[in-house]
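The values are calculated or read from the model by the stated rules, or taken from the named source; none is laboratory data. All of these numbers come straight from a predicted model, not from anything done at the bench. Cβ coordinates were reconstructed from backbone atoms using ideal geometry, including for glycine residues, and neighbour counts include every protein chain displayed. Heavy atoms of the whole protein, side chains included, go into the accessibility calculation; ligands, DNA and RNA do not. Shrake-Rupley method; radii C 1.70, N 1.55, O 1.52, S 1.80 Å.
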Amino acid sequence: MTQPKASPTLIDPFQRAITYLRVSVTDRCDFRCVYCMSEDMTFLPKKELLTLEELDRLCSSFVDLGVEKLRITGGEPLVRRGIMTFMQSMSRHLESGALKELTLTTNGSQLAKYADDLAKAGVKRVNISLDTLDEEKFARVTRWGRLPQVLKGIDAAQNAGLRVKINAVAVKGVNDDELFTLTEWCAERDLDLTFIEVMPMGDIGNEDRLDQYWSLKDLRAEIETRYTTVDLPDRTGGPARYFQIVETGQKIGLITPLSHNFCESCNRVRITCTGEIYTCLGQEGKADLRGPLRESEGNAPLVAAIHAAIGQKPKGHDFDYSRQRADGQMSRHMSHTGG
Ligand code: SAM
Ligand code: SF4
């Protein structure tokens, strides 16, 4: 069994301890959100994907190396066949104390089915993506998604005792007119809320990135036309910053990778469903972990490859919309690295 670690052993060249791993378990999804995928996405052949056993070995190795927080994502993680077996297996690291948090980012479509099992596997919090409360708009943004199904998923998660955070991508011309509706809806239902700035990830067909971009600075300024806000000191080592709405006590998160540099405190790395490690969401640099994983039954080649990859973690990203074009544009889709 994995033993709790006294100190993290994954330290990058900029002296940042890597304690947070995000793993995409599939590139497939039952939605086709306009900012994430094109409608006619081609998915990877199944044999390219890590098996559940390989995912288990990989995540467990990271836990052995000091990772304390594991987030499962995708594509849509809950459409991966056998995913609950994997989650139950990961819960052994929670029981041993090595892992402090096992969590999930989901579009919510399958939560009515899985919320109870997730809670049983030791998941305490989930992030659910929801950009709009308007049924027609929801269908337009997600193309294949249906709002009532996701609302049922949110209810199921709350009934199972999971703390729910809503992630809303701020998209101009889509949900800018729902700022107060969404915020107040979350306050009424005791849901945390974080807004995400659109990032230039992947070819999305005919959609234009600059048309979609709604600065979160403007978003906060709009909230301040109705409410008083104060900055909160909470940091998670990631791109989120928080403020509180004084009148309601509500905490709102802002993920602003484009307008704020958060890289100096970055504690995370990402793994794709094919076992590539990306040490920075906003850079193309990657390393293959599937080869070392498959090359030997023992974990030595894998651990060496992990150390080598962390040793190459870049200082930061280069996203920039300021010159009126989507600079730093990444060719891969968000569903590839999991956001
Ligand atoms: N399918 C799950 C979901 O939607 O929550 C997990 C994967 S999804 C890629 C993770 C997060 O990335 C979602 O909150 C989604 O809204 C966000 N996302 C996708 N494409 C994005 C983009 N281009 N810019 C900003 N956020 C994006
Ligand atoms: Fe699927 Fe999530 Fe991408 Fe939407 S954002 S298409 S739900 S992976």
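Listing for the model above:
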{"item": "Spans of helices (runs of 4 or more DSSP H) in region 22-135 with at least 3 residues away from ligand 1 (no atom under 16 Å from the Cβ), farther than 27 Å from Ala168 by Cα and open to solvent by 10 Å² or more (accessible area, probe 1.4 Å)", "result": "52-64, 83-96"}
{"item": "Count - residues of region 187-243 that are at pLDDT 90 or above, among the charged types (D, E, K, R) and either touching a Cys at 6+ places or on another chain (Cβ under 9 Å) or part of a loop (DSSP other than H, G, I, E, B) (or both)", "result": "5"}
{"item": "Given (1) under 29 Å from Leu216 (Cβ atoms); (2) at pLDDT 95 or above; (3) not hydrophobic (A, V, I, L, M, F, W, C), index of the condition Gly161 fails", "result": "(1)"}
{"item": "Verdict on Ala98 being closer than 23 Å to Thr279 by Cα, out of contact with any Gly (no Cβ under 8 Å at 6 or more places or on another chain) and away from ligand 2 (no atom under 16 Å from the Cβ)", "result": "yes"}
{"item": "Criterion violated by Trp144 - all others in (1) among the hydrophobic types (A, V, I, L, M, F, W, C); (2) part of a helix (DSSP H, G or I); (3) open to solvent by 40 Å² or more (accessible area, probe 1.4 Å) satisfied", "result": "(2)"}
{"item": "Count of residues meeting criterion [without any contact (Cβ under 8 Å) to a residue 40 or more places away in the chain and acidic (Asp, Glu)] in region 129-154", "result": "2"}
{"item": "Total residues in region 71-89, condition away from ligand 2 (no atom under 16 Å from the Cβ) and in contact (Cβ under 8 Å) with a residue 12 or more places away in the chain", "result": "7"}
